[in-house]
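The values are calculated or read from the model by the stated rules, or taken from the named source; none is laboratory data. All figures in this text were calculated on a predicted structure; none of them were measured in a lab. All Cβ positions, even for glycine, are placed from backbone atoms using ideal geometry, and neighbour counts span all protein chains on display. When the accessible area is computed, the model is the full protein with side chains, heavy atoms only, and any ligands, DNA or RNA have been set aside. Shrake-Rupley method; radii C 1.70, N 1.55, O 1.52, S 1.80 Å.
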Amino acid sequence: MAETKIKLSKSAKQKILIAVIILLIVGFVIGECISVLSVNIETQTATATTVYDTIETRAVVIRDEKAVGAISGITIPAVEDGEKVNAGGEIAMSFSSAENAERYSNFRVLEEKHKYYTDLENTSIGNVTDLELLEKNILDDVNSYIRAAGRNDINAADDLALNVNDDLTKRAILVGETVDFSPVISDIEGRISQIDLSSCKPTGYVTADKAGFYSKYTDGCENMIDYSKVKSMSIEDFNACLNNAVSAKGSTSDGGKVINSFIWYFACVVSAEDVAGLRDGYNAQVVVKSTDTELKCTVVKGADVALSADQTLLILSCNEMDKNISSMRLEDIEIRVKSYTGIKVNSSAVHDKDGEKGVYALVSNIAKWRRADVLYTGDGYVILSYDDPDVQNGIKLYDKIIIRGRDVYDGRVFA
């Protein structure tokens with residue numbers, strides 16, 4: 001059977017071609033409409049961020065301190081690490097044997113625990129009446145514990161774990177839970193009664209020559225430089241201190257030391273160019289890298305340098321003190337010379353419009369121009385001014401800044 005072929009007329013072919021073209025045009029128009037109405041944009045909420053011009057260096061810590069003098073027998077501290085001591089006060093005790101020293105130390109620990117739980121039982125939650133504040137303290141201590149554990153600071157982690165435990169107990173009492181301390185107190189009293197205190201009393205004491213701050217940590221660098229001459233020390237003096245600090249071996253078993261002045265110093269050698277933003281007498285924030293501790297310091301010497309100088313010995317004083325600070329000797333630090341507070345955005349979000357810099361903010365699905373000054377330029381980002389009363393249409397906190405989008409312009413509507 002022969003196949004039948006259908007032959008279209010010329011006019012039919014033209015009609016089909018026209019229909020295809022119309023469909024393509026309609027499809028293109030629809031696609032463009034969808035593209036216009038559903039542009040994929042990304043925004044960022046404008047929040048304030050602070051960055052710094054910094055000097056990063058290694059510093060030696062210099063204090064007015066004196067190691068506890070040696071006495072015969074086994075020596076243990078008579079005060080807690082970080083505790084203030086009075087002139088003439090007992091700071092260390094000696095014993096005839098290590099066994100007696102251990103038994104006496106255990107007795108003191110049990111006494112402290114007994115006092116703690118008795119006070120907690122008698123005073124309940126003490127002065128804590130704000131549950132929200134207490135829970136914030138718990139969260140802060142947990143976060144600090146994680147950071148301390150991460151940097152392997154065992155002493156700080158132990159202290160923070162105790163703080164968390166104490167606050168959790170107080171929280172339980174505050175919300176009405178019954179906490180029975182009697183079993184713990186009875187156990188402690190039983191253990192105390194088993195210690196024959198008369199047979200393990202100290203045979204001698206070490207007293208403080210001056211009032212100060214006790215630290216159980218010593219490293220042999222307590223007298224590496226005359227404290228009274230810190231402000232006149234030279235770069236050569238610093239290098240000698242640095243060598244001593246590098247080779248120092250810390251210990252917490254040699255009787256400890258007494259820090260006689262709460263004012264102490266960071267000493268470091270830095271480039272003369274780095275201190276251009278500082279002056280002697282200026283205040284500066286210093287961050288200790290090993291612990292992320294932020295300290296308020298004052299530039300004592302080294303910021304006002306001669307034009308011909310390449311280096312300078314920078315000395316900063318500080319009057320903050322705790323048991324962690326008292327054990328610092330050689331530290332990597334960050335000196336914050338100048339701060340910049342503004343809105344941090346990706347550099348690509350900044351545009352030029354009529355000779356001015358700024359960004360676009362999304363307001364009710366409409367792109368609005370926000371003029372801003374670039375305060376600081378970092379690696380792939382900038383810090384922009386905000387809430388400036390002298391700038392019309394400037395960035396405001398919590399603006400939705402457009403950081404990614406196609407064909408963004410002032411007044412454009414986004415679906």
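Mind listing just one residue for me: the one in region 159-195 that is in a helix (DSSP H, G or I), over 35 Å from the mean Cα position of the chain (by Cα) and over 24 Å from Y104 (Cβ atoms) and, of those, modelled with the lowest pLDDT? Per the criteria, the residue is S182. Looking across region 196-217, the residues that are open to solvent by less than 40 Å² (accessible area, probe 1.4 Å) and either more than 35 Å from the chain's Cα centre (by Cα) or without any contact (Cβ under 8 Å) to a residue 60 or more places away in the chain (or both) come down to C200, P202, G204, V206.
Considering region 255-292, and only residues there that are surrounded by fewer than 17 Cβ atoms within 10 Å (Cβ to Cβ) and of a type in the set (D, E, K, R), the residue that is farthest from D209 (Cα to Cα) turns out to be E273.
For region 47-93, which positions are open to solvent by less than 60 Å² (accessible area, probe 1.4 Å), in a loop (DSSP other than H, G, I, E, B), at negative phi and of a type outside the set (V, I, T)? If the condition is that a residue be open to solvent by less than 60 Å² (accessible area, probe 1.4 Å), in a loop (DSSP other than H, G, I, E, B), at negative phi and of a type outside the set (V, I, T), then R63, D64, G69, A78, D81, G89 are the ones that fit. In region 357-380, of all residues being loosely packed, with under 13 Cβ neighbours inside 10 Å and without any contact (Cβ under 8 Å) to a residue 24 or more places away in the chain, the one that is farthest from the chain's Cα centre (by Cα) corresponds to S364.
Does S228 meet the test of being open to solvent by 40 Å² or more (accessible area, probe 1.4 Å), assigned to a helix (DSSP H, G or I), within 23 Å of I62 (Cβ to Cβ) and not aliphatic (A, V, I, L, M)? Answer is yes for this residue.
Sort through D352, D407, D387 and tell me the only one that's surrounded by fewer than 18 Cβ atoms within 10 Å (Cβ to Cβ), over 30 Å from N243 (Cα atoms) and in contact (Cβ under 8 Å) with a residue 60 or more places away in the chain. Selected residue: D407, the only one of D352, D407, D387 that is surrounded by fewer than 18 Cβ atoms within 10 Å (Cβ to Cβ), over 30 Å from N243 (Cα atoms) and in contact (Cβ under 8 Å) with a residue 60 or more places away in the chain. When region 294-340 is filtered for residues that are surrounded by fewer than 19 Cβ atoms within 10 Å (Cβ to Cβ), charged (D, E, K, R) and farther than 23 Å from E273 by Cβ, the ones remaining, listed by number, are E294, K296, E320, D322, K323. What are the residues in region 241-254 that are open to solvent by 50 Å² or more (accessible area, probe 1.4 Å) and either closer than 27 Å to R336 by Cα or not in a loop (DSSP other than H, G, I, E, B) (or both), if any? Across region 241-254, the qualifying residues are N243, N244, V246, S247. Annotation note: of S234, S215, S198, the sole residue that is more than 29 Å from F262 (Cβ to Cβ) and among the polar types (S, T, N, Q) is S198.
In region 50-76, the residues that are closer than 30 Å to E294 by Cα and among the acidic types (D, E) reach residues that are assigned to a strand (DSSP E or B) and open to solvent by 40 Å² or more (accessible area, probe 1.4 Å) with C-beta atoms within less than 7 angstrom, at least six apart or across chains, in these pairs: D53/K338.
Residues in region 220-271 that are of a type in the set (S, T, Y) and over 25 Å from A92 (Cβ atoms): S228, S232, S234, S247, Y265, S271.
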